[in-house]
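Structure record follows, encoded as structure tokens.
The values are calculated or read from the model by the stated rules, or taken from the named source; none is laboratory data. These figures come from a predicted structure and were not determined experimentally. Methodologically, a virtual Cβ is constructed for each residue, glycine included, from the backbone with ideal geometry; neighbour enumeration extends over all protein chains shown.
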Amino acid sequence: MTAPDFLPFARPQIDSATIEAVGRVLASGWITAGPKVLEFEARLSDFFGGRPVRAFANGTASMEVALRLAGVGPGDEVITTPLTWVATANVIVAVGALPVFVEIDPRTRNIDLAAAAAAITPRTKALMPVFLAGLPVDMDGLYELAHRHGLRVVEDAAQAIDSRWNGRPIGAFGDLVSFSFQANKNITCAEGGCLVVNTADEARRSERLRLQGVVRSGSDGMDVEEPGGKSNLTDINAVIGLHQLEGLQAVTRRRAELAEMYFAAGQRAGLESLGIELPLRSSASGPMTNWHMFQVLLPEARLRGGRGAAMEDLRAAGIGTGVHYPAVHLFTFYRSQGWRPGMLPHAERVGRSILTLPLYPSLREEDIERVCTRLALVCQSLLR
């Protein structure tokens, strides 16, 4: 009897048409930022309701540029969540500002806006929410808070392409919105990202900041008014993104179908009776997730060997899982800034117990049954 196929927690879907298109770009002799990047930006702008969009080599760079556009710098504070990929905090540090971590809502696992409001000081320059697993925060509440205090908003929407708030795509409204097109995202450029901005001036400054601050004029004129980085997207990455964007709505629909299969299979396997917490379901009004990830919370404190033991058992059974994410404020660097265990108990509990299960369009219903059945058996065997 053959062993079942290994199920990774994510798997990019690259078709033959995309591979052929990449080959044409390579053969063209123009492989860095060029016409395909411009086409990709135009298509993204259409998707986001005509707003200006600039593409980047990765979502980390687009977030850092967003902070610079927002005027965030040394001495400023940016309020954010500790339940995120560490890049969210690192880019705040990179521009010389101080990340101020606040508690999460334990049900949505996103930033608690009441906690964010309580953390605002005269030094606060911006709010930086993260849409974990693609689930948006309360966007009405977020922008009411920002407008009341005169704050810029940098949305870390790395995981939220085609997520929606009251039917509107994230990025089609709001302030500065950063997306990632890394390999595990719902659409990918292999590596890449984009920033949705508000004005032509912000778009032009984004272009300067992503390529060393260079401004060209005429045939041979060059100037630099402010230093920038090196984070331009290539045409190779852009052509992958163009083909991925064509199938985005189908991908979103399929992920929603798979999530519903998880809820049903989880019920049959009795996951909740074992103390395993399932994610929040989407609704037609308010936040609609793109189901970038399906994440459960394990009863970590009651498992012999904790989450790691469960992950090892699942892997031995051919099921890959991930941790997205440990609480950032407990990393050594951020502890050196004064953060300590116990300061944000909801985020710390979720960070210890969260587990990402396999979810990608080619997953089958029988695969989901297998994941849920095995997860239940693993937790039963490890419960103290």
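When only residues in segment 83-124 that are under 26 Å from S353 (Cα atoms) and of a type in the set (K, R) count, which is surrounded by the most Cβ atoms within 10 Å (Cβ to Cβ)?
Only one residue fits best here, namely R109.
Collect the residues in segment 36-62 that are surrounded by fewer than 24 Cβ atoms within 10 Å (Cβ to Cβ) and touching a Phe, Trp or Tyr at 6+ places or on another chain (Cβ under 8 Å), keeping them in residue-number order.
G49, the sole residue that qualifies.
Please tell me if A317 is among the hydrophobic types (A, V, I, L, M, F, W, C), under 21 Å from L7 (Cβ atoms) and touching a Cys at 6+ places or on another chain (Cβ under 7 Å). Spell out the reasoning first.
Working: among the hydrophobic types (A, V, I, L, M, F, W, C): yes; under 21 Å from L7 (Cβ atoms): yes; touching a Cys at 6+ places or on another chain (Cβ under 7 Å): no.
Considered against the rule, which asks whether it is among the hydrophobic types (A, V, I, L, M, F, W, C), under 21 Å from L7 (Cβ atoms) and touching a Cys at 6+ places or on another chain (Cβ under 7 Å), A317 comes out as no.
Look at segment 245-280 and say how many of its residues are over 17 Å from T188 (Cα atoms) and hydroxyl-bearing (S, T, Y).
2
If you go through segment 69-98 one residue at a time, how many are among the hydrophobic types (A, V, I, L, M, F, W, C), assigned to a loop (DSSP other than H, G, I, E, B) and closer than 22 Å to E226 by Cβ?
The number of residues fulfilling the criteria is 4.
Kindly check whether there is at least one residue in segment 355-366 that is part of a helix (DSSP H, G or I) and either free of Cβ contacts under 8 Å to residues at least 60 places away in the same chain or in contact with a Ser or Thr (Cβ under 6 Å, 6 or more places away or on another chain) (or both).
yes
Considering segment 29-56 alone, what residues qualify as being in contact with a Pro (Cβ under 8 Å, 6 or more places away or on another chain) and within 14 Å of L242 (Cα to Cα)? Give the derivation first.
Going residue by residue through segment 29-56, those that are in contact with a Pro (Cβ under 8 Å, 6 or more places away or on another chain) are 45, 47-49.
Across segment 29-56, the qualifying residues are S45, F47.
Tell me whether segment 137-158 contains one or more residues that are touching a Lys or Arg at 6+ places or on another chain (Cβ under 9 Å) and closer than 12 Å to T289 by Cα.
no
Quick check on this structure: which one of G318, G322, G305 is modelled with pLDDT of 95 or more and within 17 Å of the chain's Cα centre (by Cα)? Give the derivation first.
Values: G318 fails: within 17 Å of the chain's Cα centre (by Cα); G305 fails: within 17 Å of the chain's Cα centre (by Cα).
The match here is G322.
Which of the residues that make up segment 163-175 are surrounded by 19 or more Cβ atoms within 10 Å (Cβ to Cβ) and either of a type in the set (S, T, N, Q) or over 15 Å from V53 (Cα atoms) (or both)?
Selection gives S163, R164, W165.
Any residue at all in segment 300-322 that is closer than 30 Å to D140 by Cα and in contact with a Ser or Thr (Cβ under 8 Å, 6 or more places away or on another chain)?
no
Quick one: is A66 crowded, with 24+ Cβ neighbours inside 10 Å and in a helix (DSSP H, G or I)?
Values: crowded, with 24+ Cβ neighbours inside 10 Å: yes; in a helix (DSSP H, G or I): yes.
For A66, the condition - crowded, with 24+ Cβ neighbours inside 10 Å and in a helix (DSSP H, G or I) - is met.
Any idea which of V72, V93 is of a type in the set (A, V, I, L, M, F, W, C), modelled with pLDDT of 95 or more and more than 19 Å from T199 (Cβ to Cβ)? Write out each step before concluding.
Details: V72 fails: more than 19 Å from T199 (Cβ to Cβ).
Matching residue, one of V72, V93: V93.
I'm told T252 meets every condition in (1) over 15 Å from L375 (Cβ atoms); (2) free of Cβ contacts under 8 Å to residues at least 60 places away in the same chain except one. Can you identify the failing condition by its number?
(2)
Is it the case, given these coordinates, that L278 is in contact with a Phe, Trp or Tyr (Cβ under 9 Å, 6 or more places away or on another chain), surrounded by 20 or more Cβ atoms within 10 Å (Cβ to Cβ) and hydrophobic (A, V, I, L, M, F, W, C)?
no
Say whether the condition of being farther than 22 Å from L195 by Cβ and at pLDDT below 95 is met by at least one residue in segment 17-29.
Step one: of segment 17-29, the residues farther than 22 Å from L195 by Cβ are 17-29.
From the residues that got through so far, the ones that are at pLDDT below 95 too are 29.
Yes; the residues of segment 17-29 include at least one that is farther than 22 Å from L195 by Cβ and at pLDDT below 95.
Within the set of pairs 6+ apart or on separate chains, which have a first residue in segment 15-28 that is within 17 Å of P361 (Cβ to Cβ), a second that is among the aliphatic types (A, V, I, L, M), and C-beta atoms under 6 Å apart?
T18/I240
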